[in-house]
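**Student:** Before anything else, here's the structure in question.
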Amino acid sequence: MTAREGQIGKTRTGILTAFKKHWQLHVLALPVLLYLLIFSYAPMFGVVLAFERYSVAKGFFGSPWLGLKNFEFMFKTQDAWRITRNTVLYNIAFITVNTSLSVLLALILDEMYIKRLSKTIQTMLIMPYFLSMSVVAIVVYAFIGPKGVVNTMLKALGEPGNTFWYTYRPLWPFLLVFISAWKGVGYTAIVYVASISGISSEFYEAAVLDGASKLQQARYITLPHLRHIIVIMLILNMGSMFRGDMGLSYNVTQNTGELYEVVDVIDTFVYRALKDLNDTGMAAAAGLYQSVVGFVLIIVSNAIVRRVDEESALY
Amino acid sequence: MAADSTETSSFDRINRIKPLTNMIFSVVMSVVAVLTVVPVALVFIISITSSLSLTMRGFSFVPLSTSFVAYESLFKTGSQLVDSYIITIEVTLLHTVLSVLIMTMYAYVLAQQRFGARKFYTFVVFFTMLFSGGLVPSYIINVNVLHIYDTFWILLLSGMVGTFNIIVLRTFISTTIPIELFDAAQIDGASDFKVFFRIVLPLSKAGLATIGLFVLVGKWNEWFTGMLYIDNPKLVPLQTMLTRIQQRIDFIKNNSSLASSPDGMQMLKNMPSEQTRMAIVVLTTLPVLFAYPFFQRYFIRGMTIGSVKG
């Protein structure tokens, strides 16, 4: 094996020989490589848009240079603080609620000893994961729209039942966190159930011999085993700390202007700046702000994790 | 069934929760599971609620009377629905096949432990997970450089390569296909193409099916690309159509001056009724919901291979 490794690409003339020998592998990699170059790497250079007044005629690299004007403009609006705050707070809430709920559900589902019931319940819990956000938006509308079930029930209770929930701000932070949990927890719980069933039963046998209760087994065996996968998911989530959910914040709220204060996130802001205001510069600036902070966050959190618990690090 | 009973070892039988705890868990979890599914049932119920019941009672789990008018009218006049159905099916199928094929090809390259350029290729795909140019540069490139705004191509191509899926496929290939098989093939003088198409593809069917299903469902449910790039009614995907209808109606209703103007009233009249919108939801979601239980095995397998560290 080592002899062969030495053969490939290690000597000076070897690079060309290696390429000739393995040209078919390069061909197999080509479609994805091209795709990424066009749709992922070219846009990375396209971030110059954030520093100029883009015009279609003059193109990416010929448009007038503005320096940091677009950023100044964006940070001077009150929106900058609002979208940053909302994006981060929603993500913290989503991560905390979804992770703890799915671990809890996984522990329970794993303990239920009528396995067929447990499987059926899992099938039902994961169902919302397969709904599109457009469908979720209408499901929500069925509940809290003007004629929705909530108002119908309020009427039945003798209330007026004519609240327009789509402009009622206090409801939305809770509602969005709830919807996110409803849609995502079943899926993550099943991932955890699968990793729990992968834990060797020897650990539990030893624990039982030592007289450990079920709760102690969960605390000292199951949870530590889930740690790696939880930490990896957390690091990945860190990178998207600055990424809002268009589905929740735009589609489910039906882009209602009165709700921007409590639901607007960076992504919805970028979308509106681009499509409604046609302000390419500011939209690109907000997008770059989002990407750079996300990049820093993922690098930093991974570095910290590597210090504390090397095995759980992402790379 | 048989598998379930053999799975339970004698140790598991000793180390069980108490029957009462199990009972409580079962009841609580069953209630949670039913509550999870109920919202979707509501949409179906509204779609068959009669207009009379809707005016008298609003949306309700128990309508006063039912009617299938919404479905009838959709089948009679649903040309937009048919167009959207056709484009969504075309895009979804073609996208899934191409996406899975090129990602598997790439994953196979990443699985070649002894291939010197492997590190380069791994980095190229991994880095896209860390940093992205953002929505605007992509948008400008797609619109002004590639000129694929409002075309079939943007629908087909968007989201075709997923880092996570590639990592899962690579893990799948390197764990299910023994490396000796590659060696044997090479000694027999088989080229990389031959190994890939004759050995890897057939042996990875389960992995391909799993990823394929995820890609399929993801594409079927995609709404944002359509919102961003599509104007031509012939090309509007199902989910985008749903969101557009919903937002347009709300826009008119929220503008009281517009809603009470003759123009606004005319527009509202031409919009699909609430039952019809719910019927569209049912028709767009049924394929996915029906397919899911049959493929549950694959989905769960996919989710769990994905959790293996890359």
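The values are calculated or read from the model by the stated rules, or taken from the named source; none is laboratory data. What you see is a predicted model; the values in this text were computed from it and never measured. For neighbour counting, all protein chains shown are included, and Cβ atoms are generated from backbone atoms with ideal geometry for every residue, glycine included.
**Student:** How many residues are in contact with a Phe, Trp or Tyr (Cβ under 7 Å, 6 or more places away or on another chain) and modelled with pLDDT under 90 when one looks only at the stretch A:176-206?
**Tutor:** Residues that pass the stated criteria total 3.
**Student:** Search the stretch B:60-96 for residues being within 14 Å of chain A (Cβ to nearest Cβ) and without any contact (Cβ under 8 Å) to a residue 24 or more places away in the chain, and hand back the single one that is surrounded by the most Cβ atoms within 10 Å (Cβ to Cβ).
**Tutor:** Top of the filtered list is B:S60.
**Student:** Does B:S132 qualify as being of a type in the set (S, T, N, Q), part of a loop (DSSP other than H, G, I, E, B) and either more than 22 Å from the chain's Cα centre (by Cα) or closer than 18 Å to A:N278 by Cα (or both)?
**Tutor:** yes
**Student:** A further question follows. Taking the stretch A:40-60 as the search range and keeping residues that are in a helix (DSSP H, G or I) and within 7 Å of chain B (Cβ to nearest Cβ), which one is nearest to B:S138 (Cα to Cα)? If you could, list the steps in order and put the result at the bottom.
**Tutor:** Residues of the stretch A:40-60 in a helix (DSSP H, G or I): A:40-51, A:59-60.
Imposing the further condition that a residue be within 7 Å of chain B (Cβ to nearest Cβ) reduces the set to A:40, A:42-44, A:46-47, A:49.
Details: A:S40: 8, A:A42: 8, A:P43: 5, A:M44: 9, A:G46: 8, A:V47: 9, A:L49: 11 Å.
Among those residues, the one meeting the criterion is A:P43.
For (1) modelled with pLDDT under 85; (2) more than 12 Å from every other protein chain (Cβ to nearest Cβ), each residue gets a yes or a no:
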{"site": "B:D150", "(1), (2)": "no, yes"}
{"site": "B:Q186", "(1), (2)": "yes, no"}
{"site": "B:S191", "(1), (2)": "no, no"}
{"site": "B:K194", "(1), (2)": "no, no"}
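**Student:** Can you give me the number of residues within the stretch A:84-124 that are crowded, with 18+ Cβ neighbours inside 10 Å, more than 13 Å from A:G186 (Cα to Cα) and either more than 14 Å from every other protein chain (Cβ to nearest Cβ) or in contact (Cβ under 8 Å) with a residue 24 or more places away in the chain (or both)?
**Tutor:** Qualifying residue count for the region: 8.
**Student:** Something else: Looking at the stretch A:265-279, which of its residues are among the hydrophobic types (A, V, I, L, M, F, W, C), more than 7 Å from every other protein chain (Cβ to nearest Cβ) and without any contact (Cβ under 8 Å) to a residue 24 or more places away in the chain? Explain how you work it out, then say what you get.
**Tutor:** Here is the first cut: in the stretch A:265-279, the residues among the hydrophobic types (A, V, I, L, M, F, W, C) are A:265-266, A:269-270, A:273-274, A:277.
Pick out the ones that are also more than 7 Å from every other protein chain (Cβ to nearest Cβ) and you get A:265-266, A:269, A:273, A:277.
A:A273, A:L277, listed by residue number.
**Student:** Another question, then. Here is a list of conditions, (1) farther than 26 Å from A:A93 by Cβ; (2) part of a helix (DSSP H, G or I), and A:I199 meets all of them except one; can you say which number that is?
**Tutor:** Here A:I199 clears every test but (2).
**Student:** Only residues that are surrounded by fewer than 17 Cβ atoms within 10 Å (Cβ to Cβ) and either within 22 Å of A:N278 (Cβ to Cβ) or within 8 Å of chain B (Cβ to nearest Cβ) (or both): list them for the stretch A:28-39, please.
**Tutor:** Filtering the stretch A:28-39 for residues surrounded by fewer than 17 Cβ atoms within 10 Å (Cβ to Cβ) gives A:30, A:34, A:37-38.
Once the filter is applied, which keeps residues that are surrounded by fewer than 17 Cβ atoms within 10 Å (Cβ to Cβ) and either within 22 Å of A:N278 (Cβ to Cβ) or within 8 Å of chain B (Cβ to nearest Cβ) (or both), the stretch A:28-39 yields only A:I38.
Each row is one residue, and each column tells you yes or no for (1) surrounded by 21 or more Cβ atoms within 10 Å (Cβ to Cβ); (2) more than 24 Å from B:V91 (Cα to Cα); (3) hydroxyl-bearing (S, T, Y).
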{"position": "B:F126", "(1), (2), (3)": "no, yes, no"}
{"position": "B:Y139", "(1), (2), (3)": "yes, no, yes"}
{"position": "B:V145", "(1), (2), (3)": "no, no, no"}
{"position": "B:F164", "(1), (2), (3)": "no, no, no"}
{"position": "B:T176", "(1), (2), (3)": "no, yes, yes"}
{"position": "B:A184", "(1), (2), (3)": "no, yes, no"}
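Residues checked against (1) without any contact (Cβ under 8 Å) to a residue 60 or more places away in the chain; (2) surrounded by 20 or more Cβ atoms within 10 Å (Cβ to Cβ):
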{"position": "A:R219", "(1), (2)": "yes, no"}
{"position": "A:T222", "(1), (2)": "no, yes"}
{"position": "A:G244", "(1), (2)": "no, yes"}
{"position": "A:E261", "(1), (2)": "no, no"}
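**Student:** Let me ask you something else. Just to be sure before I move on: is B:V40 among the aliphatic types (A, V, I, L, M), surrounded by 17 or more Cβ atoms within 10 Å (Cβ to Cβ) and in a helix (DSSP H, G or I) in the structure I sent?
**Tutor:** Values: among the aliphatic types (A, V, I, L, M): yes; surrounded by 17 or more Cβ atoms within 10 Å (Cβ to Cβ): yes; in a helix (DSSP H, G or I): yes.
So B:V40 passes the test.
**Student:** What's the number of the only condition in (1) within 14 Å of chain B (Cβ to nearest Cβ); (2) within 22 Å of B:L35 (Cβ to Cβ); (3) in contact with a helix residue (DSSP H, G or I) (Cβ under 6 Å, 6 or more places away or on another chain); (4) not β-branched (V, I, T) that A:L175 fails to meet?
**Tutor:** Status for A:L175: all satisfied but (3).
**Student:** Another question about this same structure. What tally of residues in the stretch A:202-217 results from selecting those that are surrounded by 17 or more Cβ atoms within 10 Å (Cβ to Cβ) and under 26 Å from A:E310 (Cα atoms)?
**Tutor:** 2
**Student:** Here is a follow-up. Would you mind stating whether B:P202 is loosely packed, with under 15 Cβ neighbours inside 10 Å and over 21 Å from B:A111 (Cα atoms)?
**Tutor:** Judged against the criteria, B:P202 is not a match.
**Student:** Quick one: count up the residues across the stretch B:183-201 that are assigned to a helix (DSSP H, G or I) and free of Cβ contacts under 8 Å to residues at least 60 places away in the same chain.
**Tutor:** In the first step, residues of the stretch B:183-201 are kept if they are assigned to a helix (DSSP H, G or I); the result is B:183-187, B:192-201.
Of the ones still in play, those that are also free of Cβ contacts under 8 Å to residues at least 60 places away in the same chain are B:183-187, B:192-195, B:197-199.
Final tally of qualifying residues: 12.
**Student:** Further question on the same structure: For the stretch A:159-183, name all the residues that are farther than 14 Å from A:S249 by Cα and hydrophobic (A, V, I, L, M, F, W, C).
**Tutor:** A:F164, A:W165, A:A181, A:W182
**Student:** May I ask you to list the residues in the stretch A:239-264 that are part of a helix (DSSP H, G or I) and within 11 Å of chain B (Cβ to nearest Cβ)?
**Tutor:** Taking the stretch A:239-264 and keeping what is part of a helix (DSSP H, G or I), we get A:239, A:246-252, A:257-263.
Passing the criteria: A:G239, A:M246, A:G247, A:Y250, A:N251, A:V252, A:G257, A:E258.
**Student:** Taking the residues in the stretch A:280-315 that are at pLDDT 85 or above and surrounded by fewer than 20 Cβ atoms within 10 Å (Cβ to Cβ) as candidates, determine which candidate is nearest to the other protein chains (Cβ to nearest Cβ).
**Tutor:** Top of the filtered list is A:F295.
**Student:** Same structure again: Determine if the stretch A:297-309 includes at least one residue that is out of contact with any helix residue (DSSP H, G or I) (no Cβ under 7 Å at 6 or more places or on another chain) and closer than 30 Å to A:L66 by Cα.
**Tutor:** So far as the stretch A:297-309 goes, yes, one or more of its residues are out of contact with any helix residue (DSSP H, G or I) (no Cβ under 7 Å at 6 or more places or on another chain) and closer than 30 Å to A:L66 by Cα.
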